[in-house]
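Below is one structure; the comments refer to it alone.
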Amino acid sequence: MSDLKLGDIAPDFTADTSEGKISFHEFLGDSWGILFSHPADYTPVCTTELGAAANYAEEFKKRDVKVLALSVDGVKSHKDWIKDINETQNTTVNFPIIADEDKKVSDLYGMIHPKADNTLTVRSVFVIAPDKSIKMTLTYPASTGRNFEELLRVIDSLQLTVYNKVATPANWKHGDDVVISPSVSNEEADKMFPKGYKTVKPYLRTTAQPELKK
Ligand code: BEZ
C-alpha cells in the first residue's frame, strides 16, 4: 500500500474518466487540486457527496481548485450514475470521475485499506498545491460522508498559511483572527503585522487575518 505523506509530490497518472482520458498533472495545471475517492457507484452516501461537490463548484472555482473524483467502477457506469446524481441532488456534476476499474490510481494513492474493505476504496481526500505537493490528506470510512464546508475551510487555511507566516487556530474560518508562527520573532512580527498583534502568552500571539496573497 502506498504511504503518501504531506510534502510528497502527488504521483502523476493517466486515467479514463467520465469526461475522457486525463493526465493528472496536466489536468491540474497551475491550480490547486482536490482528489477524492468513493467506494462505489450507485451508493447512497457517495451520491450525496458528489452532489455536494458539484454544488460547491463556484466555491472551488473562487479558490482556483480543480476537482477530481474517483470510483472503482467503469466509465459507462459513472456516466449513468451522474444522471441520477444530477436529478436527486439538484445539481450538474461538472468535474471528471476517474473510472479506476483496475485500481491503478487507488493503489498509487493508498485508497484501499484492506482491513476496512479488500476491494472498495475508503473515502480519501488529497489536497494538492500548484507545485504538486500534497498539502492535506484525510481518510473517512465508507459509512461517513465528508463535510465539504470543512474541506473548503482547510483550503482557505492552506492558501493563507502557505504565503504568510501565520497558522489558523481551532475552528478557525475565513475572516477570523489567526496566530503568528512561532518561528517569527517579536521584532519581525512588529514589521510583518503593522496593524498589531496580541500577546496572550509569549508563544501564543494572535493577529487579524492577513490579505490573501497569490
Ligand atoms: C455509500 O456510499 O453509501 C456507501 C458505500 C459503501 C459502503 C457504505 C456506504
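The values are calculated or read from the model by the stated rules, or taken from the named source; none is laboratory data. Note that the structure is a prediction, hence the values are computed from the model and not measured. Reconstructed Cβ throughout: ideal geometry from the backbone, glycine too, with neighbour counts over all protein chains shown. Areas reflect the complete protein model, heavy atoms only, side chains present, ligands, DNA and RNA absent. Shrake-Rupley method; radii C 1.70, N 1.55, O 1.52, S 1.80 Å.
Miscellaneous remarks
- Failed condition for Ser133, given (1) out of contact with any Pro (no Cβ under 9 Å at 6 or more places or on another chain); (2) surrounded by fewer than 17 Cβ atoms within 10 Å (Cβ to Cβ); (3) small (Gly, Ala, Ser); (4) farther than 22 Å from Ala10 by Cα: (4)
- Extreme residue, surrounded by the most Cβ atoms within 10 Å (Cβ to Cβ), among residues of segment 115-130 that are touching a residue at least 24 places away in the same chain (Cβ under 8 Å) and out of contact with any strand residue (DSSP E or B) (no Cβ under 8 Å at 6 or more places or on another chain): Leu120
- Pick from segment 137-174, criterion open to solvent by less than 20 Å² (accessible area, probe 1.4 Å) and aliphatic (A, V, I, L, M), ranking: farthest from Ala10 (Cα to Cα): Val166
- Hits in segment 43-79 (condition: within 16 Å of the ligand (Cβ to nearest atom), under 15 Å from Glu101 (Cβ atoms) and not β-branched (Val, Ile, Thr)): Ala69, Leu70, Ser71, Asp73, Ser77, His78
- For beta carbons closer than 7 Å, sequence separation of 6+ or different chains, a first residue in segment 161-177 that is closer than 12 Å to Glu211 by Cα and a second that is among the charged types (D, E, K, R) and at pLDDT 95 or above, the qualifying pairs are His174/Asp156.
- Condition check for Ser37: closer than 21 Å to Lys132 by Cβ, open to solvent by less than 40 Å² (accessible area, probe 1.4 Å) and within 12 Å of the ligand (Cβ to nearest atom): yes
- Scanning segment 1-30 for residues that are closer than 14 Å to Val67 by Cα and of a type in the set (A, V, I, L, M, F, W, C) turns up Ile22, Phe24, Phe27, Leu28.
- Test: Lys191 is basic (Lys, Arg) and assigned to a loop (DSSP other than H, G, I, E, B): no
- Pair list, Cβ < 6 Å and 6+ apart or interchain, from segment 31-48 residues that are of a type outside the set (A, V, I, L, M, F, W, C) to residues that are within 9 Å of the ligand (Cβ to nearest atom) and open to solvent by 10 Å² or more (accessible area, probe 1.4 Å): Pro39/Leu120; Pro39/Ala142; Thr48/Gly145
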